[in-house]
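Asker: One structure, as structure tokens, below. Some questions next.
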Amino acid sequence: MSVVGRLAPSPTGAQHVGNARTYLIAWLSARSQGGQVVLRIEDIDSPRIKPGAADQALEDLRWLGLDWDGVPVIQTTRMPTYRQALEALKHQGRIYPCTCTRTDIERAASAPHVEHEGPVYPGTCAGRSVAEADDLDAAAIPYCWRFRVPDRVSQFEDGFLGRCEVDLRRLGGDFVVWKSARAAAGVATPAYQLAVVVDDAAQGVSEVIRGDDLVSSTPRQLLLYEALGLRAPRFIHVPLVVGSDGRRLAKRHGDTRLSALREAGVSAQALLGLLAWSCGWQADCRPVTARELLKSFRLTSLPREPFVLSAECLRMLGYA
Ligand SMILES: [Zn+2]
């Protein structure tokens, strides 16, 4: 079966050097296997979406020389499909309505917070049935839908990291598949986990390559694949790009937006040369195109550590 990879920019902000490295790896992996690449704009997180950022993301990808097959899928046009998936989960009784506010959860949570994960959901509403949602609707009480996670450690095989184990009970607990209207600017919307699974399955994605900050999402998504009777892709999590202080790329590390590099006259080939060197595909940073990298691409040559985008790297690009 032929490989289908995907690029899934989120227009919640500008695409930066870190995103470019992950997109490059995903694109090269699929294309070097003679596979397809599909594109999706993950724009359901409406309060955080920046106007114009989706078009900018497509321009960034074209600038990098990363192409895709078919028409991009836009998440905000797919609400009926996400609703169908929600109905399927309700039908199976795998989810329940939860009326807790963030403050309720923070007060009730006894376990310490895990970074980026928020407090562990203590299961306050886990005894609720699907049918109780009708009473909540009648009383105009906002609620989200949570998926019951199993009482065991989740395991999966990652294409880069190898065997991964995640204890979802300790890492967030029962997770949200549908946000309440209260949390999402007045409109109840699918949570990232549900939309991604529904879309990857609909787009026939067989290989998901993304940053290793999303490792803990994978067991949640695998539960959804199983519950929805969908075939799960192969997951490959790659190290992130960090600043010289070892922390995730942020404003304090300077302007690493691709649009800023482009405006400053940095060529895509120069950036790709730096990224190819950082991935172990060439011995130096000489400029290169994405297509030229197809023959040197190897997932196994990728260092296990995050790539440190130092000031020296940026100077090498003639930037900063
Ligand atoms: Zn609750």
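The values are calculated or read from the model by the stated rules, or taken from the named source; none is laboratory data. This one's a predicted model, so the numbers in the text were calculated from it and none came from an experiment. Methodologically, a virtual Cβ is constructed for each residue, glycine included, from the backbone with ideal geometry; neighbour enumeration extends over all protein chains shown. For accessibility, only protein heavy atoms count, side chains too; no ligands or nucleic acids. Shrake-Rupley method; radii C 1.70, N 1.55, O 1.52, S 1.80 Å.
Asker: What helices in the chain pass both tests, a Cα length along the helix axis of 20 Å or more and a mean Kyte hydropathy of -1.0 or higher, using whole DSSP H runs? Walk me through the numbers before you get to the answer.
Answerer: Details: long enough: 17-32 (22 Å, 0.27).
Qualifying helices, which must be both long enough and hydrophobic enough, are 17-32.
Asker: Based on a Kirkwood Rh over C-alpha pairs, give the Stokes-Einstein translational diffusion coefficient of segment 216-270 at 37 °C and viscosity 0.692 mPa s in µm²/s.
Answerer: Details: Rh = 14.8 Å.
Calculated translational D: 222 µm²/s.
Asker: Rounded if a/c is under 1.5, else prolate if a/b is larger than b/c, else oblate: which is segment 1-97, with a ≥ b ≥ c the root eigenvalues of its Cα gyration tensor?
Answerer: Judged from the Cα gyration tensor, segment 1-97 comes out oblate (a/c at least 1.5, b/c at or above a/b).
Asker: Against the globular-protein guess of 2.2 N^0.38 Å, express the Cα radius of gyration of the chain as a ratio, rounded to two decimals.
Answerer: Relative to the rule-of-thumb radius for its length, the chain sits at 1.05.
Asker: Could you provide, to the nearest whole Å², the per residue accessible area of segment 152-285 with probe 1.4 Å?
Answerer: Working: 5330 Å² over 134 residues.
I get 40 Å² per residue for segment 152-285.
Asker: Ignoring the sites themselves, what is the longest stretch of the chain with no trypsin sites (Lys or Arg not before Pro) in a DSSP loop and at most 13 other beta-carbon atoms within 10 Å?
Answerer: Details: sites that count: ARG152, ARG170, ARG231, ARG247, ARG298, ARG304.
My reading of the result: 1-151 is the longest stretch.
Asker: What number, rounded to the nearest 500 deg cm²/dmol, is the helix-based mean residue ellipticity at 222 nm of the chain, given -39500 (n - 2.57) per DSSP H run of at least four residues and division by all its residues? Numbers along the way, then the final one.
Answerer: Details: 10 runs with 101 residues, N = 320.
About -9500 deg cm²/dmol.
Asker: Seen from all sides and averaged, what is the projected area of the convex hull of the Cα atoms in segment 19-169, in nm²?
Answerer: Values: hull surface 50.3 nm².
Over all viewing directions, segment 19-169 projects a mean Cα-hull area of 12.6 nm².
Asker: So which residue, out of PRO219, PRO142, PRO51, gets the largest mean-square fluctuation from a GNM of the chain using Cα contacts under 10 Å as springs?
Answerer: Most flexible of the set in this elastic network: PRO51.
Asker: Please report the antiparallel percentage of the DSSP beta bridges confined to the chain, to the nearest 5. The partial results should precede the final answer.
Answerer: On the way: 16 of 29 bridges.
If we restrict to bridges inside the chain, about 55 percent are antiparallel.
Asker: Where in segment 132-180 are there GluC sites (Glu not before Pro) that are in a DSSP coil and have at most 11 other Cβ atoms within 10 angstrom of their Cβ?
Answerer: Numbers: sites: GLU132, GLU157, GLU165; in loops: none.
For GluC sites (Glu not before Pro) across segment 132-180 that sit outside H, G, I, E and B with at most 11 neighbouring Cβ atoms in 10 Å, the list is empty.
Asker: What number comes out for accessible area per residue over segment 1-117 if the probe is 1.4 Å? Units Å², please.
Answerer: Working: 5540 Å² over 117 residues.
On a per-residue basis, segment 1-117 sits at 47 Å².
Asker: Give the cross-link partners of LYS50 among the lysines, using a straight C-alpha distance below 30 Å as the criterion and excluding same-chain residues fewer than 8 apart.
Answerer: LYS179, LYS251
Asker: How are the alpha carbon pair distances in segment 256-320 distributed across 5 Å bins from zero to the largest one, expressed in percent?
Answerer: Reading upward from the zero bin: 4, 18, 28, 25, 17, 8, 1.
Asker: If you don't mind, there's one more thing I want to ask. Taking a quarter of the surface of the convex hull around the Cα atoms of segment 94-242, what do you get in nm²?
Answerer: That works out to 10.0 nm², a quarter of the Cα hull's surface.
Asker: Give the carbon-plus-sulfur fraction of the accessible surface of the chain in %, rounded to a whole number; probe 1.4 Å, heavy atoms of protein chains only. Don't skip to the end; give the middle numbers.
Answerer: Numbers: 7580 of 14810 Å².
Answer for the chain is 51 percent, counting heavy atoms of protein chains only.
Asker: To continue, here is another question. Measuring from centroid to centroid over Cα atoms, what is the spacing of segment 284-320 and segment 116-195 in Å?
Answerer: Measuring centre to centre over Cα atoms gives 37 Å.
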